[in-house]
Amino acid sequence: MTERTISMKAKYIQPILDKGKDVTRRLKKEGELLSVPVYPEAKGAITAVLTELNGDMLNHKNIKWQVGKVYSIVDEHKEPVWYCPKCNKEVPDNCRCSLVDDWRVLRIKVLSIKEEKLMDITNADAVREGSSYAFKYPRKVFFGDFIECYYEQMPVKYKTVRCGVVIPLWNPAVWRIEFSVV
């Protein structure tokens with residue numbers, strides 16, 4: 001079975017390692033749905049994003065993300081992200097420990113998944129998205145980063161440009177995925 005991955009932009013790797021980013025939002029694609037257990041205490045009950053419905057809903061091929069599962073972080077080029085647990089830095093560029101044997105692939109465990117609208121993000125959640133460097137306007141920075149990531153999927157009618165800035169009129173459904181480093 002292929003290892004599950006979640007891709008992250010390079011600028012978010014260090015905030016993840018510093019525990020400054022523990023939430024990510026992903027554009028909800030057509031056909032995706034959230035499977036929420038009716039009886040969460042039931043054995044085998046899961047919350048997951050499914051990519052399609054067919055006979056066996058919980059077939060692993062249909063599950064995109066699942067609460068409780070561990071995913072390796074990959075960069076924009078689908079390469080695994082390595083880090084040094086001693087200095088908590090991405091390697092090999094930022095680590096000076098020279099403990100090559102101790103380097104690990106950065107992995108996260110999904111803690112929760114919720115569906116919400118993009119514009120519903122709060123300043124506090126924008127900070128948890130890694131926008132903490134934007135002390136005054138974390139939501140604005142988050143929207144800019146999100147639109148940069150998903151500009152190609154954005155419908156043309158929402159691509160309004162004024163003074164070189166895309167005005168976020170687009171309010172799609174997104175998956176809010178909370179995670180922790182494991």
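The values are calculated or read from the model by the stated rules, or taken from the named source; none is laboratory data. Please read these numbers as outputs of a predicted model, since none were measured by experiment. Don't worry about glycine lacking a Cβ; one is built from the backbone with ideal geometry, like all the others, and counts go over all protein chains shown.
Looking only at segment 101-129, which residues are at pLDDT below 85 and out of contact with any strand residue (DSSP E or B) (no Cβ under 8 Å at 6 or more places or on another chain)?
Asp101
Among the residues of segment 148-171, which ones are touching a strand residue (DSSP E or B) at 6+ places or on another chain (Cβ under 9 Å), part of a helix (DSSP H, G or I) and modelled with pLDDT of 85 or more?
If the condition is that a residue be touching a strand residue (DSSP E or B) at 6+ places or on another chain (Cβ under 9 Å), part of a helix (DSSP H, G or I) and modelled with pLDDT of 85 or more, then Glu148, Cys149, Tyr150, Tyr151, Gln153 are the ones that fit.
Pairs needed: first member in segment 8-29, within 12 Å of Val174 (Cα to Cα); second member anywhere, aliphatic (A, V, I, L, M) and part of a helix (DSSP H, G or I); C-beta distance under 8 Å; at least 6 residues apart or different chains.
Within 8 Å, the pairs are Arg25/Leu118.
For segment 146-155, give me each residue that is free of Cβ contacts under 8 Å to residues at least 60 places away in the same chain and touching a helix residue (DSSP H, G or I) at 6+ places or on another chain (Cβ under 9 Å).
If the condition is that a residue be free of Cβ contacts under 8 Å to residues at least 60 places away in the same chain and touching a helix residue (DSSP H, G or I) at 6+ places or on another chain (Cβ under 9 Å), then Met154 is the only one that fits.
Could you check how many residues of segment 136-154 are surrounded by 13 or more Cβ atoms within 10 Å (Cβ to Cβ) and farther than 14 Å from Asn171 by Cβ?
7
Return the total of residues in segment 76-99 being part of a loop (DSSP other than H, G, I, E, B) and at pLDDT below 90.
Residues that pass the stated criteria total 14.
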